Amino acid sequence: MEFSYIPIILSLKVAFAAVIIVTCSSIPIAGLMAKREFWGKDVVESIITLPLVLPPSVIGFMLLYVFGKNGPLGKLFEQWFHTRIVFTLAGAVIAAAVVSFPLMYQAVKAAIESVDQNLEKAARTLGARELRVFFTITLPLAWNGIIAGLVLAFARSLGEFGATLMIAGNIPGKTQTMPIAIYFANEAGDTGQASILVIIMTAFSFLVIYGLNRWGKRSQRDRNPEGGTT
């Protein structure tokens, strides 16, 4: 069978779209959770990070319940936008965003919490409002953690399988991403297609981890050029 590049293209589309959603949503939520104390905070944070420990099939089932034809958001999209989420590329994007969100959230939250609060307090004493402090002081100083979270979220989105299969299905050319294509190619006995995709995903994952580690070490050297000696 001729090798198809379509699963690779679909996977990249899903991963990029999911990362955009996750980045736009995780930064304000992580900022709020890092800077504010409120009743039930531990419960909210547990819910946010729940996809890290839940099996992908459970996440997929929940997404089907919410976005299915009779689900609350599924009905809403049908009535208002005359479109459906299940068995579409949008479903794959939602699944990837849900499973990768906790990685981005935890990285951003840790980075924000590590910012020197004295710098933020100094900006406030000079009359800067909270939003200005957040965007001009906190975020720039937390940038390394944000980038690390973004890379990890992208890699996780690219490799998402279980939840994606349940909500988006396996439709060649439409929702068949690389992990799904590998599984069904192997089931069909097409080891050539499966092997090539496995090599591509393994190489990409290695490059992501290697690049992230190298970038982290370089950032550490830039922050501490003298190796920590005083």
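The values are calculated or read from the model by the stated rules, or taken from the named source; none is laboratory data. Everything numeric in this text was worked out from a predicted model, so none of it was measured. Positions of Cβ are generated from backbone atoms using ideal geometry, with glycine treated the same way; all protein chains shown enter the neighbour counts. Side chains included, ligands, DNA and RNA excluded: accessible areas come from the protein's heavy atoms. Shrake-Rupley method; radii C 1.70, N 1.55, O 1.52, S 1.80 Å.
Looking at (1) open to solvent by 20 Å² or more (accessible area, probe 1.4 Å); (2) closer than 20 Å to Pro51 by Cα; (3) part of a loop (DSSP other than H, G, I, E, B), which is the one condition that is false for Glu160?
So Glu160 meets the others, but not (1).
Confirm whether Val66 is more than 20 Å from Asn170 (Cβ to Cβ), open to solvent by 60 Å² or more (accessible area, probe 1.4 Å), assigned to a helix (DSSP H, G or I) and of a type in the set (Val, Ile, Thr).
Here the answer is no, as Val66 does not meet what is asked.
Please go through segment 188-200 and give me each residue that is surrounded by fewer than 18 Cβ atoms within 10 Å (Cβ to Cβ) and at pLDDT below 90, ordered by number.
Once the filter is applied, which keeps residues that are surrounded by fewer than 18 Cβ atoms within 10 Å (Cβ to Cβ) and at pLDDT below 90, segment 188-200 yields Ala188, Gly189, Asp190, Thr191, Gly192.
When the residues of segment 69-81 are narrowed to those that are open to solvent by 80 Å² or more (accessible area, probe 1.4 Å) and among the hydrophobic types (A, V, I, L, M, F, W, C), which ends up modelled with the lowest pLDDT?
Phe81
How many residues are modelled with pLDDT of 90 or more and assigned to a loop (DSSP other than H, G, I, E, B) if we restrict to segment 172-182?
The qualifying residues number 4.
Anything in segment 82-102 that is open to solvent by 50 Å² or more (accessible area, probe 1.4 Å) and under 25 Å from Ser26 (Cβ atoms)? List them, or say none.
Residue satisfying the conditions is Leu89 alone.
Pick from Val133, Val208: which is open to solvent by less than 40 Å² (accessible area, probe 1.4 Å) and within 16 Å of Ala111 (Cα to Cα)?
Of the residues listed, the single one that is open to solvent by less than 40 Å² (accessible area, probe 1.4 Å) and within 16 Å of Ala111 (Cα to Cα) is Val133.
Tell me whether segment 49-59 contains one or more residues that are of a type in the set (Ser, Thr, Tyr), open to solvent by less than 30 Å² (accessible area, probe 1.4 Å) and more than 25 Å from Ala142 (Cβ to Cβ).
No.
So Leu141 ticks every box in (1) within 23 Å of the chain's Cα centre (by Cα); (2) on the phi > 0 side of the Ramachandran plot but one. Which box is left unticked?
Only one criterion is unmet by Leu141, namely (2).
Going through segment 103-124 one residue at a time, which ones are open to solvent by 20 Å² or more (accessible area, probe 1.4 Å) and either part of a loop (DSSP other than H, G, I, E, B) or among the acidic types (Asp, Glu) (or both)?
Glu113, Ser114, Asp116
Does any residue of segment 203-220 turn out to be modelled with pLDDT of 90 or more and in contact with a Pro (Cβ under 7 Å, 6 or more places away or on another chain)?
No; the residues of segment 203-220 include none that is modelled with pLDDT of 90 or more and in contact with a Pro (Cβ under 7 Å, 6 or more places away or on another chain).
Hey, among Ile48, Ile6, Ile29, Ile20, which residue is under 18 Å from the mean Cα position of the chain (by Cα) and in contact (Cβ under 8 Å) with a residue 60 or more places away in the chain?
Ile29
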